[in-house]
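In what follows, a single structure is set out as structure tokens and then discussed.
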Amino acid sequence: MWMSTVARSALPALQRSTSAMTRQALRACRRPGPTAAPLPPCLVSLHLRGRHTLESASLPVSRHLVRHVRALDDDRQMEVEWEDGGHSLYPFTWLRDNCQCPLCTLQSAQARTLLLADLDIHTGVDVVEVTNDNKVSIVWPDQHVSVFDAEWLKKRCFSPAARLAMQEELFLNRRYYWDSTLRIPSADFDEVLRDDKAALAWLLALRRVGMVYLKGAPAEQGQVARLAERIGYLRLTFYGHTWQVQDKPMANNVAYTSGKLSLHTDYPALHFAPGVQFLHCINQAKEGGESEVVDGFHMAEQLQREDPEAFQTLTSLRVDFTDTGTDYCDFMLQSKNCIIDVDADGRVVKINYNNATRDSVLDLPLHQVQPFYRALKAYVDIMNRPENVVTYRMEPGDIVTFDNWRLLHGRKSYISRPERLRHLEGCYLDWDEVMSRLRILRKAVHEDL
């Protein structure tokens, strides 16, 4: 298993404006074909070294200028013609709904104050024109005036390409799929804590690749909490704000034993499982205990290609999960989840699978029971192929950060000795807060350029 360093010199490949080389690298990060490829240059290293800087690898952001605007009254749309020759259309209703003036928008919160009850969804316009400072001004029939910045309008163009670009900027939906050849991106723990560029590169790689290895943390409890605070706050679960993975008598979780853990996601017994997990090695077993991970999204893609019927089964049948015990408090969880969640476009967005907490209750008609088992076995068999599994061994001070909605992780059995007890500390976060911090860091870093 190889590890690489994720270089801040590659950050511009993930910025909105890039050089030709980094634009090519970014395209390489998009969803690959049937097989995984070597890690692209845009995710090779997080550390800034020598002459490589964000400034030297990026180009100035182009400014969009408005050539002409006109009202298309029959279609109830405003057409903007840009200086580069492009055209954009904006519905009257949407423009009025999103007026940016202080009467319609709370500027301090960027929140709409115009009530939908007061919105005329059949409104026309009286006047549309381009102002001297390249803004678009609209006078409405009630003589209310809205003024829109050209860049603001351009980013919100309704063309399919513009909408896709905006969604990618907001959510970073493109993923890099991988197999056993993955060189796990890595970064320095202290640098991530103190440097915004390093923290941004870490979170970008976490989103694109699904996991990042941090080196150099103190081998003592409390470090995952420090790392979580770099983002926002810890996700409290029934196992606490943080939890200790150790051999425990009368264990309330199979992770608290020394046996092998099969590949799984954490907490499918919750309807909203934690999105991100941190695991910090405080002490490693003398023998065994190696970690294993697979890319669940990539495995789902392989399943869909090799066995479409099985994929359809796992994306449509909701199965039961359960978790019962006492830790932070007593709990008795029940959930129903598809093993593979897909969005409205059929894109895989979440894996829900833990064989230990899959319930004996199976709320399926008799004729669907055997097809379900056949489909699940097909998916698990793909996961367990040696060419798909990355194996690594954590050492004291190492922290692995990974996407719990995407990666399935496991552990080989180990032998505990009194003088060397295996001890990991873990915690959870939600993707909403992680993406929030990523957007804030991206804005701060770009403003420094």
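What accessible area per residue, rounded to a whole number of Å², is obtained for segment 186-445 using a probe radius of 1.4 Å? List each step's numbers first, then the result.
Values: 10440 Å² over 260 residues.
Each residue of segment 186-445 exposes 40 Å² on average to a 1.4 Å probe.
Rounded to the nearest whole Å², what accessible area per residue is found for segment 66-163 with the 1.4 Å probe? Mind dumping the intermediate values first?
Numbers: 5610 Å² over 98 residues.
Result: 57 Å² per residue.
Could you list log10 I(q)/I(0) for segment 103-245 at q = 0.16, 0.20 Å⁻¹, which the Debye formula gives when each Cα is one point scatterer?
The computed values of log10 I(q)/I(0) come out as -1.03, -1.33.
Hey, could you grab the Kirkwood Rh for segment 186-445? Inverse mean 1/r over distinct alpha carbon pairs, Å, one decimal.
When all Cα pairs of segment 186-445 are included, the Kirkwood radius is 19.1 Å.
Taking loop as defined by DSSP and a crowding limit of 12 other beta carbons within 10 Å, which chymotrypsin sites (Phe, Trp or Tyr not before Pro) in segment 323-411 fit?
Values: sites: 328, 331, 353, 372, 373, 379, 392, 402, 405; in loops: 328, 353, 405.
Listed in order of number, the matching sites are 328.
Once you compute Rg and the Kirkwood Rh from C-alpha atoms, what is the Rg to Rh ratio for segment 66-163? Don't skip to the end; give the middle numbers.
Details: Rg = 13.1 Å, Rh = 13.9 Å.
Result: Rg/Rh = 0.94.
Please give the FRET efficiency for residue 412 paired with residue 225, using the beta carbon to beta carbon distance and R0 = 25 Å, rounded to the nearest 0.05.
In this case the efficiency is close to 0.35.
Can you pull the percent of segment 186-445's accessible area that's carbon plus sulfur, 1.4 Å probe, other chains left in place? Please report the intermediate quantities before stating the final value.
On the way: 5420 of 10440 Å².
C and S atoms contribute 52 percent here.
Return the subset of 215/443; 135/350; 215/412; 260/350; 154/215; 135/443 for which the Cα-Cα distance in this structure is over 32 Å, preserving the input order. Present the calculation step by step, with values, prior to reporting the outcome.
Numbers: 215/443 26 Å; 135/350 42 Å; 215/412 22 Å; 260/350 24 Å; 154/215 42 Å; 135/443 23 Å.
Flagged as over cut-off: 135/350; 154/215.
Please work out how much length the chain gains when fully extended from residue 370 to residue 241, using 0.36 nm per residue of separation minus the C-alpha to C-alpha distance, in nm with one decimal.
Numbers: separation 129, 0.36 × 129 = 46.44 nm, distance 3.90 nm.
Gain in length upon complete extension: 42.5 nm.
Please give, to one decimal in nm, the separation of the simple spin-label points placed at residue 68 and residue 115, each 7 Å out from Cα toward the Cβ.
My value for the distance between the label points is 4.2 nm.
The values are calculated or read from the model by the stated rules, or taken from the named source; none is laboratory data. Everything quoted here is computed from the prediction, not taken from an experiment. Note that we place each Cβ from the backbone using ideal geometry, even for glycine, and neighbour counts take in every protein chain shown. In case anyone asks, the SASA skips ligands and DNA or RNA and just uses the protein heavy atoms, side chains included. Shrake-Rupley method; radii C 1.70, N 1.55, O 1.52, S 1.80 Å.
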